[in-house]
Amino acid sequence: AFRKMEAQGVDTVSIKETPGTEYVLVDLLRSWKLPESVVGKISDRWKCQIAPFATDEADLNQHVLDGTPVLTPSRFGQRACSSVGEDCLEYLIDNPERNTFPKPKIAFVAGWGRPGSILIDDEELRVVNSFEEVLNGDPPLNLQMFHRSDEGEPNIPRFPEFLDWPLPTLFSGSEGELRVPCDMATRVSAKQALTWWHLDDGGEFLLQVGLPLKEVRGKHQENPVLLGPSGKPVVKLFVFAARNAYDILVQDKESNKTHRFSHLDLFNSPSHALPEPSGDYDPLPTLWVAPLEAGGRPLLSPPNVPHLVLTLQHCVMVEERVIHKLFLDEVHYFMEKAEGWAERPIFYPFLKETLQDADKVRDEVVGPLLKVLREGSPDQVRARARESLATVVKCAGKHFVVHPETLSEIDTALADAAVQALEKDKRALEQEELLQAFSRNIPDGVTAFPNDRFAGHVHIGGSPWWGPLRETPEEAVKDRKDMISMKNKKGLGALDEHLRKERGTAQGRG
């Protein structure tokens, strides 16, 4: 279909870069011919890698254990893709019975969560009565339609039920007892819709696939159609950062004070406003870029990694969200993180019901995990069971309700020498450091970096601008006060010039 488009004069550009190789983000996106309105002000300080493509089960298993977003083999989304035929938009929109909603739905305006916008704002929402309205809206819209009830739902299948999860040994256990389905949704998005930095809702994994297209739609196709590695159009670009980069990208304390989104504007933060390198250390995280193709490889997203999503073409994506009991440390991390938010999320029933019932914790959580610890294989899976059981102990009395005798049984199991000898995976090694960061007394307006350096920041239009790296929080606080004073007395231009001179950068790339 897309070779035919080329023959008809529709320009295309193909992704040829190799996963695992580091690229300059802005150069990569320019080579893919993304609009200058997107790439024009991205700093060339940002480095990235293409998210890995899993080649076999062992490869996929390792990426999951490492907490890396990974594009899985296409067979795991094949049933969902086949359910709409050749073109998902044709299937949904060109059939009036499917296109029109029995009850109106709420769509998000493109750019939801942009820096400086109000946390809860009706202006960011639109009422829509059909899928066609979502795609023809101005500004572009994004409809996340959860499949929670049949009442008032459009006359379409529950597409996410057709997704096949990979790694049954890791993700399901015997008879699925390790898997906790949380939610599923069909997402219809207009070209240029953008969802800013966020976490998913409860320490869960997401499996998501773009449904097939035989042609791209939209009023304007000014830029070439980006084709992914399998030759199909890329409909969404996911940009991920590691868990430990959260405080660089998102400033929760500022959001709590202002009730506005406060996070880094990837598309409009000059290089001299970003945290500066110190020797061989660069505080900016290396990002992952995951291209989601229409009818291509499903994307498996790990829990608790901050990410943003840019929609390149009108499209339909289906997703299922699942908490895995082997990864309860991720649930713990999310619940600790959410305690610091002024606007608390809506917790899944597993978090607010199952984990608050000591009998259910014993029977539905600890029982299956002890079984894996004692009888499971390979050792990587047993090590995951150990980490989740240790999490139950840590969270008892705070996030989980646990019988004393259940805790005693866990303690006995974890004291076994063979269990203690199991190697910790990357996620487990990072966990303690991440949890300790929650209890650090870092002053407002200061970012603490992993190399024990600190930098004060001020928010410009909801996005942070940083001062120099310092050895103590007190020095960073003084920098912040100086930057605020300069901005208030002399204006933003003076602060901009001051940071340029301090960094020794001339006006140029980003």
Members of segment 80-108 that are under 15 Å from P298 (Cα atoms) and either surrounded by fewer than 14 Cβ atoms within 10 Å (Cβ to Cβ) or at pLDDT below 95 (or both): S82
Residues (more than 20 Å from D66 (Cα to Cα), among the acidic types (D, E) and in contact (Cβ under 8 Å) with a residue 12 or more places away in the chain) located in segment 399-453: E409, D411, D444, D452
L469 being at pLDDT below 95, in contact with a His (Cβ under 8 Å, 6 or more places away or on another chain) and either under 22 Å from K253 (Cβ atoms) or open to solvent by less than 30 Å² (accessible area, probe 1.4 Å) (or both): no
Single match in G20, G67, G77 (criterion: under 30 Å from I323 (Cβ atoms) and open to solvent by 40 Å² or more (accessible area, probe 1.4 Å)): G20
Output for segment 304-360, where each listed residue is in a loop (DSSP other than H, G, I, E, B), out of contact with any strand residue (DSSP E or B) (no Cβ under 7 Å at 6 or more places or on another chain) and closer than 16 Å to G202 by Cα: N304, E339, G340, W341, E343, R344, P345, I346, F347, E353
Check on Q356, open to solvent by 60 Å² or more (accessible area, probe 1.4 Å), in contact (Cβ under 8 Å) with a residue 24 or more places away in the chain and either β-branched (V, I, T) or within 27 Å of R243 (Cα to Cα) (or both): yes
Any hit, segment 322-341, residues being open to solvent by 40 Å² or more (accessible area, probe 1.4 Å), over 18 Å from the mean Cα position of the chain (by Cα) and within 30 Å of V188 (Cβ to Cβ): no
Residue that is surrounded by the most Cβ atoms within 10 Å (Cβ to Cβ) [pool: residues in segment 42-64 that are within 23 Å of F162 (Cα to Cα) and among the acidic types (D, E)]: E57
Selection from segment 41-100 of residues that are of a type in the set (A, V, I, L, M), part of a loop (DSSP other than H, G, I, E, B) and over 23 Å from L213 (Cα atoms): I42, A54
Single unsatisfied condition, V13 versus (1) in contact with a strand residue (DSSP E or B) (Cβ under 9 Å, 6 or more places away or on another chain); (2) β-branched (V, I, T); (3) free of Cβ contacts under 8 Å to residues at least 60 places away in the same chain: (3)
Strands (runs of 3 or more DSSP E) contained in segment 196-280 and holding at least 1 residues at pLDDT 95 or above, in contact with a Gly (Cβ under 6 Å, 6 or more places away or on another chain) and within 30 Å of N441 (Cα to Cα): none
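Table: residues versus (1) open to solvent by 50 Å² or more (accessible area, probe 1.4 Å); (2) at pLDDT 95 or above; (3) assigned to a helix (DSSP H, G or I).
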{"site": "R362", "(1), (2), (3)": "yes, yes, yes"}
{"site": "V366", "(1), (2), (3)": "no, yes, yes"}
{"site": "Q380", "(1), (2), (3)": "yes, no, yes"}
{"site": "R386", "(1), (2), (3)": "no, yes, yes"}
{"site": "L389", "(1), (2), (3)": "no, yes, yes"}
{"site": "K394", "(1), (2), (3)": "yes, yes, yes"}
{"site": "L407", "(1), (2), (3)": "no, yes, yes"}
{"site": "A413", "(1), (2), (3)": "no, yes, yes"}
{"site": "L429", "(1), (2), (3)": "yes, no, yes"}
Segment 122-148 - residue that is out of contact with any Phe, Trp or Tyr (no Cβ under 9 Å at 6 or more places or on another chain) and assigned to a loop (DSSP other than H, G, I, E, B) and, of those, surrounded by the most Cβ atoms within 10 Å (Cβ to Cβ): P140
For K489: the one exception among (1) open to solvent by less than 80 Å² (accessible area, probe 1.4 Å); (2) over 25 Å from the mean Cα position of the chain (by Cα): (1)
Qualifying residue in segment 152-174 (condition: open to solvent by less than 20 Å² (accessible area, probe 1.4 Å), in a helix (DSSP H, G or I) and either under 22 Å from G295 (Cα atoms) or modelled with pLDDT of 90 or more (or both)): yes
Tally, over segment 12-56, of residues that are within 29 Å of P168 (Cβ to Cβ) and more than 23 Å from the chain's Cα centre (by Cα): 1
Extreme residue, nearest to E471 (Cα to Cα), among residues of segment 415-427 that are open to solvent by less than 50 Å² (accessible area, probe 1.4 Å) and under 27 Å from the mean Cα position of the chain (by Cα): R427
Pairs, first of a type in the set (S, T, Y) in segment 79-91, second open to solvent by less than 20 Å² (accessible area, probe 1.4 Å) and part of a helix (DSSP H, G or I), C-beta under 8 Å, six or more apart: S83/F159
Candidates A455, A476 - the one that is more than 26 Å from the chain's Cα centre (by Cα) and surrounded by 14 or more Cβ atoms within 10 Å (Cβ to Cβ): A476
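The values are calculated or read from the model by the stated rules, or taken from the named source; none is laboratory data. Here the structure is a predicted model, which means the values were calculated and not measured. Please note: Cβ atoms are built from the backbone with ideal geometry, for glycine as well, and neighbour counts cover all protein chains shown. These area figures cover heavy atoms from the full protein model, side chains too; ligands, DNA and RNA do not enter into them. Shrake-Rupley method; radii C 1.70, N 1.55, O 1.52, S 1.80 Å.
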